[in-house]
Amino acid sequence: MQDIIALVQSPEAWVALMTLVVMEVVLGIDNLIFISILTNKLPEGQRERARRIGIGLALVLRLGLLATVAWIVGLTAPVMTVFGNEFSWKDLILIAGGLFLVWKATKEIHHHVDPHDPEEAIVTRQVVSGFGAAIVQILILDLVFSIDSIITAVGMTPHVEIMVVAVVAAVTVMLLAATPLARFIERNPTIVMLALAFLLLIGTTLIAEGFGVEVPKGYIYAAMAFSAGVEALNMLARNARLRRKGSH
């Protein structure tokens, strides 16, 4: 109890908490984009439930991983060497998650570019064959992002209590933003392609980090923000043209 009181009274603890919350929310954006695209392929009545269950299980997963922080930190120790390059379990998980994300985004992009391809339609139905398959795919990405964010959090603060509060706060934001974001993506088809490009970029970044190439997150999110800003201007221009046509 005294330790908790000391944390509440510590300015350093509050700074660490705010920093971790922001970091978790930013990482959660990547997750939300994937969840939105995936659940929008489900029947209308299952979409919101799939989003809530997927994000809720993500919270349980992250809290469970926080309970094994010592084990998570141990994932950074080298376990194999290939051509003189050492790989840890964290590296292997990032590479596998990145490959999955690249594969998934590439398949979705192909489907949107050529929606009438019968072979692709069969593949799409097999990949997202139902509610359970969507939840499993959400959890796969949750696991990758959770391990990455927890290892980063451990480097920022030694207090598990702060990490728990940051995770709960970030997941709460995800729950509130999931449905509005999914509906926004569904209403704006061009946003879907932009979101898939983001997933492709994130997946490539995860693979690079798995191979030991550190890509500054600021560059990635700056590029994403710039692209989103350009698309927002395009949307405003399209809406203005539609209003002008409607007035004539």
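Could you identify the single residue in Gly203, Gly246 that is out of contact with any helix residue (DSSP H, G or I) (no Cβ under 6 Å at 6 or more places or on another chain) and either assigned to a helix (DSSP H, G or I) or closer than 16 Å to Gly97 by Cα (or both)?
Details: Gly203 fails: out of contact with any helix residue (DSSP H, G or I) (no Cβ under 6 Å at 6 or more places or on another chain).
One residue alone meets the criteria, Gly246.
In the stretch 81-110, which residues are among the charged types (D, E, K, R) and assigned to a helix (DSSP H, G or I)?
Going through the stretch 81-110, the residues among the charged types (D, E, K, R) turn out to be 86, 90-91, 104, 107-108.
Across the stretch 81-110, the qualifying residues are Lys90, Asp91, Lys104, Lys107, Glu108.
Could you please find all residues in the stretch 117-160 being surrounded by fewer than 17 Cβ atoms within 10 Å (Cβ to Cβ), of a type in the set (Asp, Glu) and modelled with pLDDT of 55 or more?
The one that is surrounded by fewer than 17 Cβ atoms within 10 Å (Cβ to Cβ), of a type in the set (Asp, Glu) and modelled with pLDDT of 55 or more: Asp117.
So which pairs qualify, if the first residue must be in the stretch 26-50 and touching a residue at least 40 places away in the same chain (Cβ under 8 Å) and closer than 18 Å to Lys107 by Cα, the second must be in a helix (DSSP H, G or I) and of a type in the set (D, E, K, R), the Cβ gap must be under 7 Å, and the two must be at least 6 apart or on different chains?
If the second residue must be in a helix (DSSP H, G or I) and of a type in the set (D, E, K, R), the pairs left are Asn31/Asp142; Ile35/Arg51; Ile37/Glu108; Thr39/Arg47; Thr39/Arg51; Asn40/Arg47; Asn40/Glu186.
Do we find a residue being more than 27 Å from Glu12 (Cα to Cα), of a type outside the set (Lys, Arg), modelled with pLDDT under 80 and part of a helix (DSSP H, G or I) anywhere in the stretch 176-185?
Filtering the stretch 176-185 for residues more than 27 Å from Glu12 (Cα to Cα) gives 176-185.
With of a type outside the set (Lys, Arg) added as a condition, the list becomes 176-182, 184-185.
Going one step further and asking which of them are modelled with pLDDT under 80, we end up with 185.
Remaining after also requiring part of a helix (DSSP H, G or I): 185.
Within the stretch 176-185 (the criterion being more than 27 Å from Glu12 (Cα to Cα), of a type outside the set (Lys, Arg), modelled with pLDDT under 80 and part of a helix (DSSP H, G or I)), the answer is yes, since at least one residue qualifies.
I want to confirm something. Restricting to the stretch 27-62 and keeping residues that are buried (at least 22 other Cβ atoms within 10 Å of the Cβ), under 18 Å from Thr172 (Cβ atoms) and among the charged types (D, E, K, R), which single residue is modelled with the highest pLDDT?
Arg51
The values are calculated or read from the model by the stated rules, or taken from the named source; none is laboratory data. Bear in mind the structure is a predicted one, so any value in this text is a computation, not a measurement. Cβ atoms come from the backbone with ideal geometry, glycine included; neighbour counts cover every protein chain shown.
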